[in-house]
There are 2 protein chains.
Amino acid sequence: MKRAVILLSGGLDSAVTLWLAKSEGYELFTLSFDYGQRHKKELEAAAEITKVAGVKEHRLVTINMDQWGGSSLTDKNMEVEDGDVNRTDIPVTYVPARNMVFLSIAASYAEAIDAQNIFIGVSQVDYSGYVDCRESFIKAMENAINQGTVMAAEKNRPITIHAPFIYKTKTEEIKTGAKLGVPFGLTWSCYRGGEKPCGTCDSCLLRAKAFQEAGVVDEGITETGERK
Amino acid sequence: MKRAVILLSGGLDSAVTLWLAKSEGYELFTLSFDYGQRHKKELEAAAEITKVAGVKEHRLVTINMDQWGGSSLTDKNMEVEDGDVNRTDIPVTYVPARNMVFLSIAASYAEAIDAQNIFIGVSQVDYSGYVDCRESFIKAMENAINQGTVMAAEKNRPITIHAPFIYKTKTEEIKTGAKLGVPFGLTWSCYRGGEKPCGTCDSCLLRAKAFQEAGVVDEGITETGERK
């Protein structure tokens, strides 16, 4: 059985990506990160999701990248701004080089378990100025992984990074997820650290807009925007 | 003043690299990793070295990559073999994708402090089969960093990875270090987790051989191979 490492934040994109990998017959190895994010609830969500998906192994990596701040997601002295779905500048929630760090660690894990596939749920359509969600970066990273791991560079077992939603909108992704039976109610999107989604940060706004456009009910959220 | 992030393990190569960056006038930001290595003494060495070098800021990142093993450096169920300087296969001390993880985190730190330079003390002459010490990997990683960080991809502030010893032997490196006044006695090379260097692992053997060939006294080690 082909093995795949799936980056699983506990959010919507990574959950749909996990179900897509499952539908393609991969043996599933999931990887989540505690990098000092204020929305640690996503990690509880990730753990719940892995149980339903039937993953072979779930790993949580802890890494203290929050020590140099630079992002409102990890710097407790900064605030998560209210969202604006029409913004064009780079939001303060950008975490420097986050996907590069995650993919590097995924490569280490993949090599340790001899998996030739890594899945990541990024999209460059709705990428919010996060340059590490674009295909040019994903391809560059795949190349670095294949130069920098013994399995790829010396043992002819190259690694592929799959980013199945790179050219899909969140709306299209939700439609795919609905067909695959993703338990949307288990996923967590809100950037703020509360017990319930705030409904006003970028991530909450994008989620609500995409569910509405997809014509899919967000099982996790009541009609008034409260978490069930 | 130009800022540089220097990967500092506490070993010989990274210490000489730090002194080289210092001699070139960079403002020095050092980065060490506790990744579950059994030779944690190198981290004490790194901290001591930063005091002598006069670095602006020293960061220690903790990351539990040892949870998936795959290397005798991090897997406590494996043994560090005695070294063989003539070996051609990949030693069990290889840690999957280690330099990729380190460089990714260095890129995150560099972006957070707006540094356009990252230094790493790898050599592909004495690379012991570690493919992540080769120039092809370093160049691929530099490209990934420049695609995946906002400062490089959107703000026209590209990042350069400097690997000044990539085509140098350890012997040449030690000669350079001696000229620059590197306090070799503070550096730590041994892979085993003891209080004193074992003198028989790959890292101890390569160090001893290189000092001998360079005609430089290893201040850290007595004539019988003991740590002073």
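Here, each number is a calculation from the coordinates, and none is a lab measurement. All values reported here derive from a predicted model rather than from experimental measurement. Cβ: placed from backbone, ideal geometry, glycine included. Neighbour counts: every protein chain shown.
Total lysine pairs in the stretch A:3-214 at Cα distances under 21 Å, for residues eight or more apart or on different chains: 23.
Compute the FRET efficiency between A:E172 and A:V217 as 1/(1 + (r/R0)^6), taking r as their Cβ-Cβ distance and R0 = 22 Å, and round to the nearest 0.05.
Details: r = 17 Å, r/R0 = 0.77.
It comes out at approximately 0.85.
Divided by 2.2 N^0.38 Å, where N counts the residues, the Cα radius of gyration of the protein assembly as shown comes to 1.01. The residues neighbouring A:E111, those whose beta-carbon lies less than 13 Å from its own, together hold a net charge of +1 under the Lys/Arg +1, Asp/Glu -1 convention. Plainly put, the tip 7 Å out from Cα toward Cβ on B:G181 is 7.0 nm from that tip on each other copy, the closest given first.
Each Lys or Arg adds one and each Asp or Glu subtracts one; over the other residues with Cβ under 13 Å from the Cβ of A:A152, this totals -2. In a GNM of chain A with a 10 Å cut-off on Cα contacts, which of A:E27, A:E213, A:E173 has the highest mean-square fluctuation? Its mean-square fluctuation being the largest, the pick is A:E213. Shortest first, A:K40 label-point distances to identical copies amount to 2.1 nm, with the label point at 7 Å from Cα along Cα→Cβ.
Take the alpha-carbon centre of the stretch B:154-170, take the same for the stretch B:1-55, and report the distance between them in whole Å. Computed from Cα coordinates, the inter-centre distance equals 16 Å. Take every Cα pair under 8 Å whose residues are at least 6 apart in sequence, average their separation, divide by the length of chain B, and the relative contact order is 24 percent. In this assembly of identical copies, the label point of B:T160 (Cα plus 7 Å along Cα-to-Cβ) is separated from its counterparts by 3.8 nm, sorted shortest first.
Each residue in A:V216, B:V182 was given a count of other beta-carbon atoms within 10 angstrom of its own, and listing them fewest first yields A:V216, B:V182.
Report, in debye and to the nearest 20, how large the dipole of the protein assembly as shown comes out about its Cα centre when Lys and Arg carry +1 and Asp and Glu carry -1 on their Cβ. Spell out each step's value before the answer.
Numbers: 52 positive and 62 negative charges, 15 e Å.
So the dipole magnitude of the protein assembly as shown works out to roughly 80 debye.
Normalising by residue count, the stretch A:117-228 has a Cα convex hull of 126 Å³ per residue. In the protein assembly as shown, the DSSP-assigned H stretches of four residues or longer account for a calculated mean residue ellipticity at 222 nm of -11500 deg cm²/dmol, using -39500 (n - 2.57) per stretch and the full residue count as denominator.
Largest mean-square fluctuation among A:R87, A:R38, A:R207, in a Gaussian network model of chain A whose springs join Cα atoms under 10 Å apart, belongs to A:R87. Amide H contacts under 5 Å for B:K168: B:Q124, B:V125, restricted to partners 5 or more places along the chain or on a different chain, H placed in the peptide plane at 1.01 Å from N.
For the stretch B:142-196, which chymotrypsin sites (Phe, Trp or Tyr not before Pro) are in a loop by DSSP, counting at most 16 other Cβ atoms within 10 Å? Show your work: numbers first, answer last.
Numbers: sites: B:F165, B:Y167, B:F184, B:W188, B:Y191; in loops: B:F165, B:Y167, B:W188, B:Y191.
The qualifying sites are B:Y167.
Quick check: residue separation of A:E27 and A:D89 times 0.36 nm, minus the Cα distance between them. What number comes out in nm?
On the way: separation 62, 0.36 × 62 = 22.32 nm, distance 3.88 nm.
Length gained between A:E27 and A:D89: 18.4 nm.
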